[in-house]
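Read the structure below first, then the notes.
The values are calculated or read from the model by the stated rules, or taken from the named source; none is laboratory data. None of these values were measured; they are calculated from a predicted model. For neighbour counting, all protein chains shown are included, and Cβ atoms are generated from backbone atoms with ideal geometry for every residue, glycine included.
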Amino acid sequence: MTPEVAPARATLLQPRPWFASAKFLLLLLGLLAVYAYGWRVTKIDLPELLKGTKFVRPFVVDLVRPDVVSRDVQVQEVQLGMSVDAAVAPEDVAPPAGGPQLSVPTRVTAVGAQLQVTGRGFRPNASGTLFWVNPIGNPQQVGTFHTDAAGTFAVTITVPEVFRGPESGPRGAQQRLLARVTWETGALRPSKTLLLVGQKIIETVFLALMGTTIAIVAAIPLSFLGAKNLTAKNPLGTTIYFLTRTFFNVVRSIEPLILAIVFTVWVGLGPFAGVLALALHSVAALGKLYSEQIESIDPGPIEAIAATGASPLQVVRYAVVPQIVPPFIAFTIYRWDTNVRMSTVIGFVGGGGVGFVLQQYINLLQYRQAATAVWAITLVVAALDYLSAVVRERVV
């Protein structure tokens, strides 16, 4: 073989790179098919992220300005009887003595008509709102105004088409025009939202604490039954081991949210349902962690103490417990930290805690109040996460 042919032959005999192999190409095609199907099934639509920004913008803006402090609110308002039927006289509403007054060219009007509204006696240089109130008391905003230095204003509104109530007669035609000016006064103080959220976040922390404590009491004895190196030494012990592990796996597979719904139906709305849901799920979670830790201990001390003729309880007391206490403490603190986060979600289905009021704020579109709850949850979870990390570092 000539010297020129040898290198060429060696080059041909070299293995192909892994990314050029048939197996890799087949695997790549399979992954592409899986992700293409997943993209379609999950209906990922990236342009919708841009189109939907207008809907999330109010919440994002209010998220950086939570309702934390407030001041006393002064309200100045006056009502004027109106009618949307020429055959029906408007209701006479006496203005407050010495207070602001409203006037219109005519108090009998029609839906869609332009109506000039003037006011006097209001707070100078203040902003206000005009409402059209139907017979059942539902207000509808029809305009805004700003008073001058003399406390007067003049604006034009359009008479809206509002629900006239079940009556088709005079009472259904009688409406009211309401002008309201509000302003803040006095020193800053914690808002009602902050006080309520503070109360509920404390409830959330203790909800998680009680659920974790109940779980510890049940999980520790069950963990010894679920440890293969201690229990599965005869047919009866093996049966107990498999039953215990099955219980752990079944309960862990059920989301705490589902358990909270069950206990809410069982014991009613409130934190007790949340405690029971967290406790049951934590029994399985901690029991599995504890039992796996027991299975990973050093068998030397167990064999040495068992060789002395010690009973099974004595083996556990002197050979197992000293090896598992530090990890048990670490697992328990971590579980409490996890339960604080889960208790927020549990509150959405009536399990108590700050999640319950957060859901109400969101449903009522009170985003500043919801932001207060979100920030409270964030701060508490961050603090507990730091605390649990410090404790785990010291005990493990």
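Look at Ile346 and say whether it is free of Cβ contacts under 8 Å to residues at least 24 places away in the same chain and either assigned by TED's automatic domain parsing to the domain that holds Thr264 or out of contact with any strand residue (DSSP E or B) (no Cβ under 7 Å at 6 or more places or on another chain) (or both). The answer is no for Ile346.
Pairing each residue of the range 235-251 that is farther than 14 Å from Leu289 by Cβ with any residue that is surrounded by 13 or more Cβ atoms within 10 Å (Cβ to Cβ), provided the two are 6+ apart or on different chains, yields C-beta distances under 6 Å for Gly237/Thr231; Thr238/Ala232; Ile240/Leu225; Ile240/Thr231; Tyr241/Lys228; Tyr241/Thr231; Tyr241/Ala232.
Condition test on Leu286, is it under 30 Å from Ile202 (Cβ atoms), touching a Lys or Arg at 6+ places or on another chain (Cβ under 6 Å) and part of a helix (DSSP H, G or I)?
On the way: under 30 Å from Ile202 (Cβ atoms): yes; touching a Lys or Arg at 6+ places or on another chain (Cβ under 6 Å): yes; part of a helix (DSSP H, G or I): yes.
Considered against the rule, which asks whether it is under 30 Å from Ile202 (Cβ atoms), touching a Lys or Arg at 6+ places or on another chain (Cβ under 6 Å) and part of a helix (DSSP H, G or I), Leu286 comes out as yes.
Pairs meeting the criteria (first residue in the range 267-283 and touching a residue at least 24 places away in the same chain (Cβ under 8 Å), second residue surrounded by fewer than 21 Cβ atoms within 10 Å (Cβ to Cβ) and basic (Lys, Arg), beta carbons under 8 Å, at least 6 apart or on different chains) are His281/Arg252. Scan the range 162-170 and tell me whether some residue there is surrounded by fewer than 16 Cβ atoms within 10 Å (Cβ to Cβ), among the small types (Gly, Ala, Ser), within 36 Å of the chain's Cα centre (by Cα) and modelled with pLDDT under 90. Looking through the range 162-170, none of the residues is surrounded by fewer than 16 Cβ atoms within 10 Å (Cβ to Cβ), among the small types (Gly, Ala, Ser), within 36 Å of the chain's Cα centre (by Cα) and modelled with pLDDT under 90.
Selection of the range 40-58 for residues being among the basic types (Lys, Arg) and modelled with pLDDT under 85 yields Lys51, Lys54, Arg57. In contact (Cβ under 8 Å) with a residue 12 or more places away in the chain and of a type in the set (A, V, I, L, M): does that describe Ile202? Answer is no for this residue.
For the range 326-343, the criterion of a residue being of a type outside the set (S, T, N, Q) and either within 11 Å of the chain's Cα centre (by Cα) or not assigned by TED's automatic domain parsing to the domain that holds Ala284 (or both) is satisfied by at least one position. If the condition is being crowded, with 17+ Cβ neighbours inside 10 Å and of a type in the set (Ser, Thr, Tyr), then the range 251-268 contributes only Thr264.
Take the range 277-291 and flag every residue that is over 18 Å from the mean Cα position of the chain (by Cα) and under 13 Å from Met342 (Cβ atoms). Working first, answer last.
Just the residues of the range 277-291 that are over 18 Å from the mean Cα position of the chain (by Cα), to begin with: 279-291.
Once the filter is applied, which keeps residues that are over 18 Å from the mean Cα position of the chain (by Cα) and under 13 Å from Met342 (Cβ atoms), the range 277-291 yields Ala279, Leu280, His281, Ser282, Ala285.
Among all positions in the range 238-247, there is no residue which is in contact with a strand residue (DSSP E or B) (Cβ under 9 Å, 6 or more places away or on another chain), polar (S, T, N, Q) and surrounded by 14 or more Cβ atoms within 10 Å (Cβ to Cβ). Can you name every one of the helices (runs of 4 or more DSSP H) wholly within the range 302-396 that holds 2 or more residues which are at pLDDT 85 or above and surrounded by fewer than 20 Cβ atoms within 10 Å (Cβ to Cβ)? In the range 302-396, 321-346, 354-363, 367-395 are the helices (runs of 4 or more DSSP H) which contain 2 or more residues that are at pLDDT 85 or above and surrounded by fewer than 20 Cβ atoms within 10 Å (Cβ to Cβ).
Among strands (runs of 3 or more DSSP E) entirely within the range 95-212, having at least 1 residues that are touching an Asp or Glu at 6+ places or on another chain (Cβ under 6 Å) singles out 174-190.
Need a quick list: helices (runs of 4 or more DSSP H) entirely within the range 13-85 having at least 1 residues that are out of contact with any strand residue (DSSP E or B) (no Cβ under 8 Å at 6 or more places or on another chain) and surrounded by 11 or more Cβ atoms within 10 Å (Cβ to Cβ).
Working: elements: 22-41, 46-51, 53-63.
Per the criteria, 22-41, 53-63.
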